[in-house]
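Engineer: This is the structure I have questions about; it appears just below.
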Amino acid sequence: MIVRIPNWLGDAIMATPVYNNLCDKEELYLFGPPSFLNLFEDFPGVTLLPYLKENKKFSLEELKKFKNQKALLLTNSFSSAWLFWRAGFKEIMGYATDGRSLLLTKRIKPPHGKIHQRDYYLYLLEKLGYNIRDRELVLPLREEKIRAAEGFLKALKIELGKSPFIVMAPGAAYGPAKKWPEDYYRALAKKLVKEGFRVLVVGKGEERALGDYIQDNLKEVYNLCGVTEITLLAGILKLSVLLVSNDSGLMHLGAALKLPQIAIFGSTDPLLTGPLNPKAKVLKISIDCSPCFERTCPKGHYHCLKAITPEEVLEEIKNLL
């Protein structure tokens, strides 16, 4: 079976129970964005097939080699079903969304009401007749990847035997309405250093300037934005004592690794996309306009984020550790 995994890192991680429940029942191929696809290479018996959005012709030709397989679409778009239909798949399963029902051989109506994204994916699997033995987020990670992370940090002179380190992930691809203020992250980093922690700031290359701002003139704060590919970052997280993040893909990565974490929510709803991790603490305030699910604050004040102070986050970190 080929599984078209979600396009966003966080969604793809929330779908890990689907991969986990299928990998011992099916010959499983995961088809999705190459930027994070390698994260799932340690699932037993899984083969990875990169989807090159910028080269759909190549992706189409690659899919044609597997057209006798069943296809399970975790994406909702018409275009994803169209690609598999053009490749000649005889069995294409997925949600009846975006006007694509005629392209699906097994179509499922989406569930009604408020449901966590993880359960949205598992609902599809259940309605297709698969038994769900485990609903937990899971991310197998070979020991050699943790050793590689140790070597990477050592090369940067970040010694593991010294004081413990906390990881900060201050970015969020969705937009500023999901981002705790930059100066709050910097203030928190200062406080953590005073408490005896080191801080590693992580994120994409375009967040390098943000990492520089948080790090600026702070000893024991390191900017790793843009210098860690996703499996290396997973290894670094396993070596850390805690993750502080917005509602982002890296938040879900921390959740899948069962890392103690602080998850700061603004415009989104933790009931739908919160970290599924018993070691997670979600920080969100209740105001009339939140959750609004907007990329930018419609009222311009970002009060849902600014009302969560660095002092409050530090206190919650102490409680978790």
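Engineer: Can you list the strands (runs of 3 or more DSSP E) lying wholly within segment 1-84 that have 1 or more residues being under 22 Å from E229 (Cβ atoms) and of a type in the set (G, A, S)?
Structural biologist: 28-32
Engineer: Quick one: is I236 more than 30 Å from I287 (Cβ to Cβ) and touching a residue at least 40 places away in the same chain (Cβ under 8 Å)?
Structural biologist: Yes.
Engineer: Out of all the residues in segment 233-246, which are open to solvent by less than 10 Å² (accessible area, probe 1.4 Å) and over 20 Å from A189 (Cβ atoms)?
Structural biologist: A234, G235
Engineer: Could I ask something else about it? Closer than 30 Å to K299 by Cα, part of a loop (DSSP other than H, G, I, E, B), open to solvent by 20 Å² or more (accessible area, probe 1.4 Å) and of a type in the set (S, T, Y) - does that describe any residue in segment 178-188?
Structural biologist: Scanning segment 178-188 turns up no residue that is closer than 30 Å to K299 by Cα, part of a loop (DSSP other than H, G, I, E, B), open to solvent by 20 Å² or more (accessible area, probe 1.4 Å) and of a type in the set (S, T, Y).
Engineer: Hey, among the residues in segment 193-209 that are open to solvent by less than 80 Å² (accessible area, probe 1.4 Å) and in contact with a strand residue (DSSP E or B) (Cβ under 8 Å, 6 or more places away or on another chain), which one's farthest from E311 (Cα to Cα)?
Structural biologist: This residue is G203.
Engineer: Further question on the same structure: In this structure, is Y213 part of a helix (DSSP H, G or I), touching a helix residue (DSSP H, G or I) at 6+ places or on another chain (Cβ under 8 Å), open to solvent by 10 Å² or more (accessible area, probe 1.4 Å) and among the hydroxyl-bearing types (S, T, Y)?
Structural biologist: Criteria met by Y213.
Engineer: Also, I was wondering about something else. If I filter segment 101-128 down to residues being open to solvent by 50 Å² or more (accessible area, probe 1.4 Å) and part of a helix (DSSP H, G or I), which single residue comes out as nearest to P270 (Cα to Cα)?
Structural biologist: Y123
Engineer: Among the residues of segment 132-178, what is the count of those that are without any contact (Cβ under 8 Å) to a residue 12 or more places away in the chain and hydrophobic (A, V, I, L, M, F, W, C)?
Structural biologist: Matching residues across segment 132-178 total 1.
Engineer: Follow-up question, since we're still on this one. Pick from V282, V227: which is open to solvent by 30 Å² or more (accessible area, probe 1.4 Å), within 22 Å of L210 (Cα to Cα) and either under 15 Å from the mean Cα position of the chain (by Cα) or not aromatic (F, W, Y) (or both)?
Structural biologist: V227
Engineer: Check segment 58-76 and report whether any residue there is modelled with pLDDT under 95, within 27 Å of A256 (Cβ to Cβ) and loosely packed, with under 14 Cβ neighbours inside 10 Å.
Structural biologist: No, there is no match, as no residue in segment 58-76 is modelled with pLDDT under 95, within 27 Å of A256 (Cβ to Cβ) and loosely packed, with under 14 Cβ neighbours inside 10 Å.
Engineer: Okay, next question. Quick one: P310 ticks every box in (1) open to solvent by less than 40 Å² (accessible area, probe 1.4 Å); (2) under 22 Å from the mean Cα position of the chain (by Cα) except a single one, so which number is it?
Structural biologist: The one condition P310 does not meet is (2).
Engineer: Another question, then. Restricting attention to segment 137-186, which residues are of a type in the set (S, T, Y) and over 26 Å from R118 (Cβ atoms)?
Structural biologist: S163, Y184, Y185
The values are calculated or read from the model by the stated rules, or taken from the named source; none is laboratory data. These numbers come from a predicted model, not from an experiment. Glycine gets a Cβ as well: all are built from the backbone with ideal geometry, and neighbour counts include every protein chain shown. Remember, those area values only see protein heavy atoms, side chains included, never the ligands or the DNA or RNA. Shrake-Rupley method; radii C 1.70, N 1.55, O 1.52, S 1.80 Å.
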